[in-house]
Amino acid sequence: MDTAEAFAAIALGAVACDGVLGREEAHALRRHLEYRLPYRDRSDEQMGDLFDRLLTVLRQDGGLPRLIDQALPVLNPEQLETSLALAAQLVHADRVVDDEEHAFLAMLCERMPQGKERCEAIVSAIVALNRDSLAC
């Protein structure tokens, strides 16, 4: 797994952690990746191939934890933090976070070398960003 696959794997995990990868979630994932290098230079076919490879790993024994365990060691500390922030954004964007999504973010935080405190700060910032604080 290279860095592009690893980064996309963590984002894919965020949208698939509840066991359902819907069309809307797939589009959100694509939108968040398409402006970043190296994804913005890839064709739809290349992106499809990337996600097909990642989904194959996801569907094998070990599932999501295995996918994440393969991805994390490939990324440098900055990439890890960005991947966590993106995962939190994908999970919190609809402002409804279910138990599986909470568990996924907790699993990421536990497995990242940055430490629990740093990871929780990143997730908290994304929660604040997505909070509808002006709702009456």
Value of [θ]222 nm, deg cm²/dmol, for the chain, DSSP H segments ≥ 4, -39500 (n - 2.57) each, nearest 500: -22500 deg cm²/dmol
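What percent do you get for the relative contact order of segment 37-127 when only Cα pairs under 8 Å and 6+ apart count?
After rounding, I find 26 percent.
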Cα gyration tensor shape of segment 93-136, rounded if a/c is under 1.5, else prolate or oblate by comparing a/b with b/c: oblate
Packing-based exposure ordering (other Cβ within 10 Å, fewest first) of Leu105, Leu86: Leu86, Leu105
Residue order, fewest to most surrounding Cβ atoms within 10 angstrom, among Met107, Met112: Met107, Met112
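Count the net charge of all other residues whose Cβ sits under 12 Å from the Cβ of Val15, scoring Lys and Arg as +1 and Asp and Glu as -1.
-3
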Length released on extending from Gln79 to Arg131, taking residue separation times 0.36 nm less the Cα-Cα span: 16.3 nm
Calculated FRET value between Arg111 and Asp52, using beta carbons and R₀ = 25 Å, to 0.05: 0.55
Among (1) 2, 8, 10, 10, 10, 9, 9, 8, 7, 7, 6, 5, 4, 3, 2, 1, 0, 0; (2) 2, 10, 17, 18, 14, 11, 9, 7, 5, 4, 2, 0, 0, 0; (3) 2, 10, 21, 25, 22, 13, 5, 2, 1, 0, the entry that matches P(r) over Cα pairs in 5 Å bins from 0, in percent as calculated here: (3)
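Considering only the other residues whose Cβ falls under 15 Å of the Cβ of Asp2, what net charge follows from Lys and Arg at +1 and Asp and Glu at -1?
Taking every Cβ under 15 Å from that of Asp2, the sum is 0.
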Inter-label distance, nm, simple model (7 Å from Cα along the C-beta direction), Gln70/Tyr35: 3.0
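Computed from the coordinates by the stated procedures, all read-outs in this text should not be read as laboratory data. Note that the coordinates shown come from a computational prediction; the quantities given were computed from them, not determined experimentally. Neighbour counts are summed over all protein chains in view; Cβ atoms, including those assigned to glycine, are modelled from backbone coordinates with ideal geometry.
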